[in-house]
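Enquirer: First the structure, then my questions, so here it is.
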Amino acid sequence: MTVMVPALPEAEVRAALHAEQWEYAFGLLADHDRAVREALDGVELAALPAAPWRELLERQCALLADLTLVRDETARTLARLGRDRRGALAYRTSAG
């Protein structure tokens with residue numbers, strides 16, 4: 001039995017993230033998840049060759065690590081903006 005491994009839209013997801021198109025990136029990942037589930041639906045997993053699926057998993061893990069870095073960087077930026085805003089409001093209140 002031949003089951004095609006759905007292609008991970010890695011480049012498209014990365015491009016969407018760098019363009020701050022979060023919804024589009026998440027949509028691409030959701031579409032890929034759906035394609036993987038459909039490809040494996042009703043398939044005897046033990047009969048599948050492991051190598052292509054292991055490669056997909058490794059690429060998914062690498063993409064997830066990069067997504068985690070972007071998320072953490074975004075969280076730090078938001079925290080810094082929040083501190084700057086509070087500082088500006090405190091200054092305005094004390095100066096006014």
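Enquirer: In this structure, does Glu20 turn out to be under 29 Å from Arg71 (Cα atoms) and assigned to a loop (DSSP other than H, G, I, E, B)? Lay out the reasoning, then the answer.
Expert: Details: under 29 Å from Arg71 (Cα atoms): yes; assigned to a loop (DSSP other than H, G, I, E, B): yes.
When the stated conditions are applied, Glu20 passes them.
Enquirer: Report every pair of residues separated by at least 6 positions or lying on different chains whose Cβ atoms are under 8 Å apart, first residue within the range 21-46 and in contact (Cβ under 8 Å) with a residue 12 or more places away in the chain, second basic (Lys, Arg).
Expert: Hits for this filter: zero, empty list.
Enquirer: Okay, moving on. Somewhere in the range 1-9, is a residue in a helix (DSSP H, G or I) and surrounded by 14 or more Cβ atoms within 10 Å (Cβ to Cβ)? Full working, then the answer.
Expert: Step one: filter the range 1-9 for residues in a helix (DSSP H, G or I), giving none.
No, because not a single residue in the range 1-9 is in a helix (DSSP H, G or I) and surrounded by 14 or more Cβ atoms within 10 Å (Cβ to Cβ).
Enquirer: Kindly indicate whether any position in the range 66-76 is among the basic types (Lys, Arg), in a helix (DSSP H, G or I) and out of contact with any helix residue (DSSP H, G or I) (no Cβ under 7 Å at 6 or more places or on another chain). Give the derivation first.
Expert: Going through the range 66-76, the residues among the basic types (Lys, Arg) turn out to be 71, 76.
With in a helix (DSSP H, G or I) added as a condition, the list becomes 71, 76.
Those left that are additionally out of contact with any helix residue (DSSP H, G or I) (no Cβ under 7 Å at 6 or more places or on another chain): 71, 76.
Checked the range 66-76: at least one residue is among the basic types (Lys, Arg), in a helix (DSSP H, G or I) and out of contact with any helix residue (DSSP H, G or I) (no Cβ under 7 Å at 6 or more places or on another chain).
Enquirer: Going through the range 30-49 one residue at a time, which ones are more than 12 Å from Val3 (Cβ to Cβ) and either open to solvent by less than 50 Å² (accessible area, probe 1.4 Å) or among the small types (Gly, Ala, Ser) (or both)?
Expert: Scanning the range 30-49 gives Ala30, His32, Ala46.
Enquirer: Look through the range 56-67, keep the residues that are over 10 Å from Leu8 (Cα atoms) and touching a residue at least 24 places away in the same chain (Cβ under 8 Å), and return whichever of them is surrounded by the fewest Cβ atoms within 10 Å (Cβ to Cβ).
Expert: For the range 56-67, the residue satisfying everything is Asp66.
Enquirer: Right, here's the next one. Say whether the condition of being closer than 23 Å to Leu28 by Cβ, out of contact with any strand residue (DSSP E or B) (no Cβ under 6 Å at 6 or more places or on another chain) and basic (Lys, Arg) is met by at least one residue in the range 74-92.
Expert: no
Enquirer: Could you list all residues from the range 41-65 that are over 28 Å from the mean Cα position of the chain (by Cα) and not in a helix (DSSP H, G or I)? Let's see the steps before the verdict.
Expert: The initial filter retains those residues of the range 41-65 that are over 28 Å from the mean Cα position of the chain (by Cα), namely 44, 46-47.
Listed by number, the list holds a single entry, Glu44.
The values are calculated or read from the model by the stated rules, or taken from the named source; none is laboratory data. Just so we're clear, the structure is a prediction, and the values are computed from it rather than from any experiment. Heads up, the Cβs are rebuilt from the backbone with ideal geometry, glycines too, and the neighbour counts pull from every protein chain shown. Heads up: the accessible areas ignore ligands, DNA and RNA and are worked out on the full protein's heavy atoms, side chains in. Shrake-Rupley method; radii C 1.70, N 1.55, O 1.52, S 1.80 Å.
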